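> What follows is a single structure, and I will ask about it in a moment.
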Amino acid sequence: NAGVTQTPKFQVLKTGQSMTLQCAQDMNHNSMYWYRQDPGMGLRLIYYSASEGTTDKGEVPNGYNVSRLNKREFSLRLESAAPSQTSVYFCASSVGPPRLDTQYFGPGTRLTVL
Amino acid sequence: QQPVQSPQAVILREGEDAVINCSSSKALYSVHWYRQKHGEAPVFLMILLKGGEQKGHEKISASFNEKKQQSSLYLTASQLSYSGTYFCGAAQNDYKLSFGAGTTVTVRA
């Protein structure tokens, strides 16, 4: 099992460009999440998908959109990138809600917006 | 609302013990603990559920005081491999985990 995979690993964008971060899990998990991590801030939830076909906003959703393509895949889109979106982005998945179950994280995507 | 972790950093020698604390101003369903090495993804250590159930790492222990909305992670007889940044995640509802800012642990030989 590969666990949670993310592509790309690194990306540099110019202000105003768009891109999609891809995430896939092979653990048959129901729930998937997108976090961003900034220095000294810990992890902050951007969007989550409790189950296939549903998505909901997290703590910092502005400037992002998500798609739960199927049970395995959950993508994060930046429509018009801004320097404030420079961060490390982590995708995670879990069997059930984090109230009861652990989350497994992917290796991360390091994004720089110039 | 982000839980508060303390201390921000701790330096240990191999074999020493340390305690990391996590407190929330809101009622918690559960508390998660993760360790992250530089440039890597967070790795699950432990989850503490209301009612006292724990799931996780055999060599690391933790406590969860539901009434005080506090959790503590105990690093006992620390090893070099324990170095990293430790995060607590507070589950305040079903699907949203709020993470603390982290505690950086450095273990020296």
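A short reminder: the numbers here are calculations on the coordinates, not readings from a lab. The structure presented is a predicted model; accordingly, all values stated were derived computationally and were not measured. Glycine also receives a Cβ, built like all others from the backbone with ideal geometry; neighbour counts cover every protein chain displayed.
> Out of all DSSP beta bridges with both ends in chain A, state the antiparallel percent to the nearest 5. Provide the component values of the computation, followed by the final result.
On the way: 34 of 38 bridges.
Counting DSSP beta bridges with both partners in chain A, the antiparallel share is about 90 percent.
> Restricting the count to DSSP beta bridges whose residues both fall in the protein assembly as shown, what percent are antiparallel, rounded to a multiple of 5? Don't skip to the end; give the middle numbers.
Numbers: 70 of 79 bridges.
The answer is about 90 percent antiparallel.
> Could I ask something else about it? Given charges of +1 on the Cβ of Lys and Arg and -1 on the Cβ of Asp and Glu, with all other atoms neutral, how large is the dipole of chain A about its Cα centre, in debye to the nearest 20?
Values: 11 positive and 8 negative charges, 38 e Å.
Approximately 180 debye in magnitude.
> Rank by packing, highest mean first: peptides A:24-31, B:85-92, A:92-99, B:74-81, with packing defined as the count of other Cβ atoms within 10 Å averaged across residues.
On the way: A:24-31: 17.1, B:85-92: 24.2, A:92-99: 21.2, B:74-81: 13.5.
The peptides rank, most packed first, as B:85-92, A:92-99, A:24-31, B:74-81.
> Which of the listed residues, B:Ser83, B:Val43, A:Cys23, is farthest toward the dipole's positive end in the protein assembly as shown, when Lys, Arg count +1 and Asp, Glu count -1 at the beta-carbon?
A:Cys23
> Grab the alpha carbons of chain B, take their convex hull, and tell me the volume per residue in Å³. If you can, show how the numbers build up before the last one.
Numbers: hull volume 10.1 nm³, N = 109.
In chain B, the Cα hull volume divided by residue count equals 93 Å³.
> Here's another thing I want to ask about it. Along the principal axes of its C-alpha atoms, what lengths does the protein assembly as shown span, in descending order and rounded to whole Å?
49, 37, 36
> Distances longer than 21 Å among the Cα atoms of chain A: what percent of all pairs is that?
On the way: 1880 of 6441 pairs.
The calculated P(r) of chain A puts 29 percent of pairs beyond 21 Å.
> At most 15 other Cβ atoms within 10 Å and a DSSP loop assignment: could you name the trypsin sites (Lys or Arg not before Pro) in segment B:32-109 that fit?
On the way: sites: B:Arg35, B:Lys37, B:Lys50, B:Lys55, B:Lys59, B:Lys67, B:Lys68, B:Lys96, B:Arg108; in loops: B:Lys37, B:Lys50, B:Lys59, B:Lys67, B:Lys68, B:Lys96.
Filter output for segment B:32-109: B:Lys37, B:Lys50, B:Lys59, B:Lys67, B:Lys68.
> Where both residues lie in chain B, what percent of DSSP beta bridges are antiparallel, nearest 5?
Values: 36 of 41 bridges.
In chain B, approximately 90 percent of DSSP beta bridges are antiparallel ones.
> Further question on the same structure: Can you compute the modelled spin-label distance between A:Asn1 and A:Leu69, with each label point 7 Å from Cα toward Cβ, in nm?
2.1
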